[in-house]
Amino acid sequence: MKGLTAKEEEIMGFFWEKGPLFVKEMLAFYDEPKPHFNTLSTIVRGLEEKGYLTHKAYGNTYQYYATVSREDFSKRTLKGVISKYFNNSYLNAVSSLVREEDISVDELKELIREVEKDK
């Protein structure tokens with residue numbers, strides 16, 4: 001499945017938070033200046049082509065809904081980042097977080113305790 005642009009990811013967020021939507025309803029989620037209806041419609045159709053959305057027809061209008069959960073998208077995205085930037089090594093990814101101090105050693109120890117407890 002192809003990745004998402006920032007704008008596509010933003011729009012998927014609406015579907016993950018709100019559920020099924022008509023493109024017209026999405027305009028309410030934007031501040032002025034609102035994007036043009038045709039622009040949103042084009043992006044939504046692209047998301048459907050990529051397999052992230054599908055639709056149900058109501059006459060001449062479509063209600064779209066997500067076919068990929070936020071959780072599945074997050075997992076796939078994380079796997080892609082680890083593959084691309086950390087040579088497919090979760091250890092390298094965690095080591096990088098610790099070295100950059102985005103996570104402290106104490107937080108890492110707590111995480112290990114939680115994972116061990118869950119198993």
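No value in this document is a laboratory result; all are computed from the given coordinates. Worth saying up front: this structure is predicted, and the values here are computed from it rather than measured. Here the Cβ is made from the backbone with ideal geometry for all residues, glycine too, and neighbour counts use every protein chain on show.
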| query | Under a Cβ-Cβ cut-off of 14 Å, what is the net charge of the residues other than Glu71 that fall near it, where Lys and Arg count +1 and Asp and Glu count -1? | reply | +2
| request: Kindly provide the trypsin sites (Lys or Arg not before Pro) of segment 1-107 that DSSP labels as loop, not H, G, I, E or B, and whose Cβ sees at most 12 other Cβ atoms within 10 Å. | output: Lys2
| Considering only the other residues whose Cβ falls under 15 Å of the Cβ of Ile112, what net charge follows from Lys and Arg at +1 and Asp and Glu at -1? | -2
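Below 8 Å, C-alpha to C-alpha, sequence gap of six or more: please give me the relative contact order for the chain in percent. Don't skip to the answer; put the middle values down first.
Details: 77 pairs, mean separation 23.7, N = 119.
Relative contact order, the chain: 20 percent.
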| remark: Put in order of increasing Cβ neighbours within 10 Å, starting from the fewest, Ile82, Ile112 give Ile112, Ile82
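Quick check: net charge around Phe29, other residues with Cβ under 11 Å of its Cβ, Lys/Arg +1 and Asp/Glu -1? Could you put the intermediate results ahead of the total?
Values: positive: Lys18, Lys34; negative: Glu10, Glu17, Glu25, Asp31.
Net of charged neighbours comes to -2.
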| remark: Computed over all unlike Cα pairs, the Kirkwood hydrodynamic radius of the chain in Å stands at 17.0
| query | Tell me which aspartates and glutamates have Cα within less than 12 Å of Lys24's Cα, excluding those fewer than 8 residues away on the same chain? | reply | none
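Within segment 37-100, list the chymotrypsin sites (Phe, Trp or Tyr not before Pro) lying in a DSSP loop whose Cβ has at most 15 other Cβ atoms in a 10 Å radius. It would help to have the intermediate numbers written out before the result.
On the way: sites: Phe37, Tyr52, Tyr58, Tyr62, Tyr64, Tyr65, Phe73, Tyr85, Phe86, Tyr90; in loops: Tyr52, Phe86.
Answer by residue number: Phe86.
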